[in-house]
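S.K.: The structure follows.
The values are calculated or read from the model by the stated rules, or taken from the named source; none is laboratory data. As the structure is a prediction and not an experimental result, all values here were calculated from the model. When we count neighbours, we look across all protein chains shown, and the Cβ atoms used for this are built from the backbone with ideal geometry, even at glycine.
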Amino acid sequence: MFEQVKLKYDFAALEPHIDEMTMQIHYGKHHAAYTNNLNNALEKLPGLAGKSIEEILLNLNSIEDAALQTAVRNNGGGFYNHNLFFDILSPQGGQPPQGRLAEQIQADFNSFEELVQKLTATAASVFGSGWAWLSKDPSGKLVVTSSPNQDNPLITHGGKLTPILGIDVWEHAYYLKYKNVRPDYLKALFNVIDWNNVAERYAKA
Ligand code: MN
């Protein structure tokens, strides 16, 4: 049984950047549904019992039943992506990282500001529902990608990229407050990204 990540902050704590009702519905309805649907699909796949969500997403092709494979891809992706997303948000966020991640950002993007620009542009250009990602490759290099739907770099890059930051650009992530203006949501979101958490993920990846 997979469980949603426990939030380290209240639904209202990310105001005014992310509003309370969006958090209630996003975490309490959308993420809860992905998690329940994943667990329901896995009940029909006893061979996957005990596997981590990463192992499952890296080996979707091992699921022979096409409908079940799609269910695990969509809902397993939704479960994993939101566990990452909600965990890297914090009311104390917004400060650039220090240490090893800061050095790597400098090496790969010249500056923190240029990384934020690249992530913003990538997230803004996702057509329809999807995600923008910052990942670490096996050499330690940082890579920015995007994915449709609830895919993520584990699915799109077959284990060559480990996601350390995900930006949700499904309309459910912002429409109640920002309506159709995705760029305003993206600008606000960077005020609540906890780069210390991202740096810990970089160190462990
Ligand atoms: Mn979402």
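S.K.: Could you count how many residues in segment 29-57 are more than 16 Å from the ligand (Cβ to nearest atom), crowded, with 21+ Cβ neighbours inside 10 Å and of a type in the set (Ser, Thr, Tyr)?
M.R.: Going through segment 29-57 one residue at a time, the tally reaches 0.
S.K.: Can Phe85 be described as touching an Asp or Glu at 6+ places or on another chain (Cβ under 7 Å) and either surrounded by 14 or more Cβ atoms within 10 Å (Cβ to Cβ) or under 12 Å from Trp195 (Cβ atoms) (or both)? So that I can check it myself, show each step before the final result.
M.R.: Numbers: touching an Asp or Glu at 6+ places or on another chain (Cβ under 7 Å): yes; either surrounded by 14 or more Cβ atoms within 10 Å (Cβ to Cβ) or under 12 Å from Trp195 (Cβ atoms) (or both): yes.
Taking the combined requirement at face value, the residue satisfies it.
S.K.: Counting only residues that are touching a residue at least 12 places away in the same chain (Cβ under 8 Å), away from the ligand (no atom under 16 Å from the Cβ) and part of a helix (DSSP H, G or I), how many does segment 63-91 have?
M.R.: 3
S.K.: Determine which member of the set Pro163, Pro148, Pro153 is buried (at least 21 other Cβ atoms within 10 Å of the Cβ), farther than 19 Å from Thr22 by Cα, within 17 Å of the chain's Cα centre (by Cα) and within 16 Å of the ligand (Cβ to nearest atom).
M.R.: Working: Pro148 fails: buried (at least 21 other Cβ atoms within 10 Å of the Cβ); Pro153 fails: within 16 Å of the ligand (Cβ to nearest atom).
None of the other options fit; the residue is Pro163.
S.K.: Collect the residues in segment 50-105 that are within 16 Å of the chain's Cα centre (by Cα) and of a type in the set (S, T, N, Q), keeping them in residue-number order.
M.R.: Once the filter is applied, which keeps residues that are within 16 Å of the chain's Cα centre (by Cα) and of a type in the set (S, T, N, Q), segment 50-105 yields Asn74, Asn75, Asn81, Asn83, Ser90.
S.K.: Answer with yes or no whether Ala123 is among the hydrophobic types (A, V, I, L, M, F, W, C), more than 27 Å from Ala71 (Cα to Cα), at pLDDT 95 or above and touching a helix residue (DSSP H, G or I) at 6+ places or on another chain (Cβ under 9 Å).
M.R.: Numbers: among the hydrophobic types (A, V, I, L, M, F, W, C): yes; more than 27 Å from Ala71 (Cα to Cα): no; at pLDDT 95 or above: yes; touching a helix residue (DSSP H, G or I) at 6+ places or on another chain (Cβ under 9 Å): yes.
Here the answer is no, as Ala123 does not meet what is asked.
S.K.: Which of the residues that make up segment 92-138 are under 25 Å from Pro16 (Cβ atoms), part of a loop (DSSP other than H, G, I, E, B) and without any contact (Cβ under 8 Å) to a residue 60 or more places away in the chain?
M.R.: Hits for segment 92-138 are Val126, Ser129.
S.K.: Also, I was wondering about something else. Scan Leu154, Leu134, Leu165 and give me the residue that is more than 24 Å from Phe112 (Cβ to Cβ) and in contact with a Leu (Cβ under 6 Å, 6 or more places away or on another chain). Full working, then the answer.
M.R.: Details: Leu134 fails: more than 24 Å from Phe112 (Cβ to Cβ); Leu165 fails: more than 24 Å from Phe112 (Cβ to Cβ).
The match here is Leu154.
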